[in-house]
Every structure is written in C-alpha cells, then in structure tokens.
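Notes to accompany the following structure.
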Amino acid sequence: MSELNKTALKILSNGKGILAADESTGTMTKRLESVNVESSPENRLLFRETLFSSEGMKNCIGGVILYDETIKQTTKSKQTVPELISSYGALPGIKVDTGAKVLAGSTEEKITEGLDGLRERLKEYYKLGARFTKWRGVYNISDKYPSKLSIHSNAHALARYSSIVQECKMVPIVEPEVLMDGNHSAEDCFNKTSVVLKKCFEELDLHNIDLTGIILKPNMILAGASSDQKLSGEDVAKLTIRCLKENVPSEVPGIAFLSGGQSEVEATENLNLINKYNDSNFIMTYSYGRALQQSALKFWSKDINNIQDTQKIFNHRANMCTLAAQGKWSAELETK
Ligand code: 5MM
C-alpha cells in the first residue's frame, strides 16, 4: 500500500468525511455578510476555530480543507490551525487553485487557474502541515455546455495539478463540479457528468497519476435547481452510483461528494441512500462545505462568543453526515 493510499484511507475510512472550510476570502465574506457579521481575519478565524475544536471532529472528520489565509493563522491557544486540526485526529489539507476564471475561447465558461508556481507553494504548505490538497473545476450545464473545450482544458489542469501534488507527497482531491444551476433534467446531469469524469480520468492516466492516492470529489446526479423534475432520493442514489461505476476506475479508493447547494438534510439523506445502495468498492463519504456549516454559521452569527452552543450544532451535523456515510442515518435522528 503506498503512503498516498494510506493517507487517502486515513481521511475517508470508518464513516469519516471532510470538512470543506476552504472558502476564499471573497466567498467567506459573502457568507459572513449574509448573516451580518463583519468579514475580518479575526472573525473568519474565530468561526473556523470554533468548528475545528468541536468534539464532532474526533469521530467524524478525517480531513479539513483550508484556505491560504487560515493555514497560516494561530489560534487562541497559540497553536497553528494545522496543529489544532491534527490534535483532533484529522489531517489538514489546503485548496491550491487560485480560482475559476473566464475561459478564453468560450467566455461563458470557466477554467480553474493556479498551476504557475504550484510546486513551490506546495512545498511551503507541506511544511505548514498539509497532507492533502484540493483543486475544483466547474462546469455549467445548458444545451451547449459544458463545451468540449471546457471539458478538455479543466481535465488537463486537474491532471497537471494532481501530478505535481503527488510529486510533493500529498493526496490530491480531484473536484470536477458539474453545477446544479439550470433547469436541466437528471438524465442530462448524468450524461454530462459522465463525459466530464471520463475525460478527467483519461488525463489523469496520461499524467501517470497513482489513482490509489487520489480522492474524487464529484457532484451527485441531480435535476437542475430550477427544473420541475421530481426525483426521489432513491433515484439520486442509483443514478449517482451508476455514473461513478461506469466512469471511475476501480483503483480510486474513495469518493467524497460536494453538497453543491443542497440543503443540509437533503445532502445527508442522499449520501445515506448512496451508501445503502452502494454495490461498488468505493468508499462513499462527504466533503461538504455549506451542508456542514450553514446552521452553525447562522446560530453563531447571533452571538459570536457562544462557542459551546455553536459547536453543538456543528457536532450534530457532523454526526448525521458520518451516519449517512455508513448508511445508518434516518430522518428521526435529525430531531433527537
Ligand atoms: C468551501 O467552498 C469552496 C469554494 O471555495 P471558493 O471560495 O474558491 O469558491 C468549494 O470548492 C467547496 O469546497 C466545494 O464546492 C464543496 O462545498 P459545498 O458547499 O458545495 O459542499
């Protein structure tokens, strides 16, 4: 078993999942301002430190994805953020892309940037404690999108990123996110996600990536957010599993879904059903941002010094997601 494979399994095994706390300052500012909290470096740290020092970290969270600002911050107890996360038994990770920018040649689409100087930044992040990384490519669905150009260029960037990350002895999270925006059907999402995944693995292969040492972070197969199509959780689970079995090589140890705008309970219920029906060898768990943080953030914003009660809310969400990652969640547990 390679070291990278061990790292990936340490993050994903036993129902553990990933806390995606890697919002760039722009995104975090939107999140904080939506609940009327000033977006200062101190407040961004206070909220994140509150989550990272919750009891729920111990049994539920295998890895935390950080943003450049956070990985360099020091907590109240004078530990660095990576030290705090490690003391709760989780691995620190880091988002290394520099964001999705306009794709020249198809200007309504995006290409993720950040390859220049990546090797040097990775060496610094490794010294700061990071053991895994994240890069997100984004794809829109419409009658003409995602274009071949976006599918090809984002897959190429994800593979170039992955090879430099593995060279630096860290596990790359490969995140090709087919967005939920639009009125497309679940079948459309299935077909377009299939093409995107197929191309990503073609490029990963070309770049000699050790597939046992990556984590895939995909979207679930859902109908577009403004579509009228009513899909049951069972349909979501079955379509998602089929899409992954058909397009992801079996060497990949695990899949950690993004929540992509689903509500907290919806993302939990769908993950639970995916695990109930999972007949593949992939570990199927979560790498949620909004679906782990939303309620905690809302509560915390009312009194940013009420650490304990905010942590209770986060602990509950983390426990629910970890039960779902084992197919043991039920709706009644949400209210207990
Ligand atoms: C945590 O949010 C990340 C977005 O960061 P940017 O500020 O660069 O947009 C995002 O990549 C996130 O890690 C994944 O999309 C998963 O988050 P959700 O909220 O979709 O579960």
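Bear in mind these aren't lab numbers, they're just calculated from the coordinates by the rules spelled out. Computed from a predicted model, the values in this text were never measured in an experiment. Methodologically, a virtual Cβ is constructed for each residue, glycine included, from the backbone with ideal geometry; neighbour enumeration extends over all protein chains shown.
Things worth noting here:
- Using a Förster distance of 30 Å, the FRET efficiency for L231-L333 (Cβ separation, nearest 0.05): 0.85
- Pair S40, D205: separation of 7 Å Cα→Cβ label points (nm): 5.4 nm
- Of the GluC sites (Glu not before Pro) found in the range 223-261, those that fall in a DSSP loop while having at most 14 other beta-carbon atoms within 10 Å are E251.
- Distance histogram for the range 284-336 (every C-alpha pair counted, 5 angstrom bins, percent rounded to whole numbers): 4, 20, 27, 22, 16, 8, 3, 0
- Using the alpha carbons alone, the radius of gyration of the range 109-260 stands to its Kirkwood radius in an Rg to Rh ratio of 0.99.
- Based on the reciprocal of the average 1/r between different C-alpha atoms, the Kirkwood radius for the range 223-265 equals 12.3 Å.
- Inter-part distance, the range 187-224 to the range 21-89, computed on C-alpha centroids, equals 29 Å.
- Hull-based mean projected area of the range 1-42, where the convex hull spans the alpha carbons, in square nanometres: 4.7 nm²
- Packing, taken as the mean count of other beta carbons within 10 Å per residue, orders the peptides 296-305, 326-335 from highest to lowest as 296-305, 326-335.
- Dipole magnitude for the range 63-191: about 700 debye, using +1 per Lys or Arg Cβ and -1 per Asp or Glu Cβ, origin at the Cα centre.
- Rg and Dmax [Cα atoms of the range 198-336; Å; Rg one decimal, Dmax integer]: 16.6, 51
- The amide H of I215, built 1.01 Å from its N in the peptide plane, has I173, V174 as neighbours under 5 Å, considering only residues 5 or more places off or on other chains.
- A cut-off of 5 Å between modelled amide H atoms, ignoring neighbours fewer than 5 places along the same chain, links G99 with E113.
- Descending semi-axes in Å of the range 51-189, equivalent ellipsoid built from Cα gyration tensor: 32, 18, 12
- Compactness of the range 3-335, expressed as Rg and Dmax over alpha-carbon positions, Å: 18.6, 53
- C-alpha center-to-center spacing [the range 139-163, the range 309-336] in angstrom: 34 Å
- Antiparallel DSSP beta bridges within the chain, percent to nearest 5: 15 percent
- Average projected area [Cα convex hull, the range 119-197], square nanometres: 5.7 nm²
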